[in-house]
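Rule-based calculations on the coordinates, nothing more; no lab input. Given the structure is predicted, the values throughout are model-derived calculations rather than measurements. We place every Cβ from the backbone using ideal geometry, glycine too, and count neighbours over all the protein chains shown.
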Amino acid sequence: MKKVIILLGIPGSGKGTQARLLAQHYGYAQISTGDLLRALENDAEAEATDKAKLVLMKQGKLVDDSLIYKLAFAEIKKQLNAGVGVVLDGAIRSVVQAQAYHDFFDKLNITNEVVAFEIQLTDEIGRKRMLSRKVCSVCGHIIPYTLQNETIFICSECGGELKVRHDDHPEIVEKRLRDQGNEVLAPIVKYYDDLGVLIRVDGSQAINDVDIEVCKHLEKL
Ligand code: AMP
């Protein structure tokens, strides 16, 4: 089994959900840069200069690469050193970042341990999903919008409070789709395709079906 699983997809494609499932199946650590940034926001001891960079996140823009590398590389190293594989969820959002991660893996001598999945979804479906989901403010569990779920405010996994994410509000969703939608994703996907490590899966399927497909691919590698 490859030690580094990269999940690529537009916002709303289900990267976070799939990363959580993979981490559970294989005992891997899920590393979500979005979660690391949100944790930083609530960390009283974090450096003020790092926190100041989070303003961009609230506007739906990408935060500085330097902050992403600082948070993600430290976490990846920590897990790999402990013998734990990693699932990178939304950690790579530009070709420049993809190259920097590649150089980082190269230094660790593990480029042959990397596999990347594109969870394919149209911007239109991504938009619908973002505008209708709720997320647990404690454990990050995501519940899709359904009429039944509309009146649920407590997380079934941990009892935490379910909230609409600040950046899931309509104007910000549009900004995120401009900055992180399929047009921006395409060259990143191509980068991994050119490396020969890319696998594409249809993200519009039910959560379980996407999971089964990803696992089948992984177990064949
Ligand atoms: P997510 O929870 O994955 O949707 O990420 C939430 C927000 O965190 C994004 O809209 C970006 O502002 C920021 N973010 C997460 N990962 C990255 C990254 N690799 N590069 C730049 N910004 C990121």
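Points worth noting:
- At a Cβ-Cβ separation cutoff of 4.7 angstrom, cysteine residues of the chain with no neighbouring cysteine are 215.
- When the alpha carbon gyration tensor of the range 1-99 is reduced to an equivalent ellipsoid, the three semi-axes, largest first, read 22, 16, 13 Å.
- Beta bridges by DSSP in the chain, antiparallel share as percent, to the nearest 5: 20
- Only DSSP H runs of four or more residues enter the estimate; each adds -39500 (n - 2.57), and after division by the residues of the chain the mean residue ellipticity at 222 nm equals -15000 deg cm²/dmol.
- Residues 62, 67 arranged by fewest to most Cβ contacts within 10 Å: 62, 67
- Counted charge near residue 212, where neighbours are those whose Cβ lies closer than 14 Å (Asp, Glu -1; Lys, Arg +1): -3
- Count of Lys pairs (Cα-Cα under 13 Å; at least 8 positions apart or interchain) in the range 53-168: 5
- Based on C-alpha pairs under 8 angstrom that are at least 6 apart in sequence, the chain has a relative contact order of 32 percent.
- DSSP bridge analysis restricted to the range 104-221 gives an antiparallel fraction near 50%, rounded to the nearest 5.
- Sequence ranges 111-118, 214-221, 86-93, 199-206, ranked by mean other-Cβ count within 10 angstrom, highest first: 86-93, 111-118, 199-206, 214-221
- Neighbourhood net charge (12 Å Cβ-Cβ; Lys/Arg +1, Asp/Glu -1) for residue 86: +1
- Cα point-scatterer Debye curve for the chain, base-10 log of I(q)/I(0) at q = 0.12, 0.13, 0.17 Å⁻¹: -0.63, -0.75, -1.37
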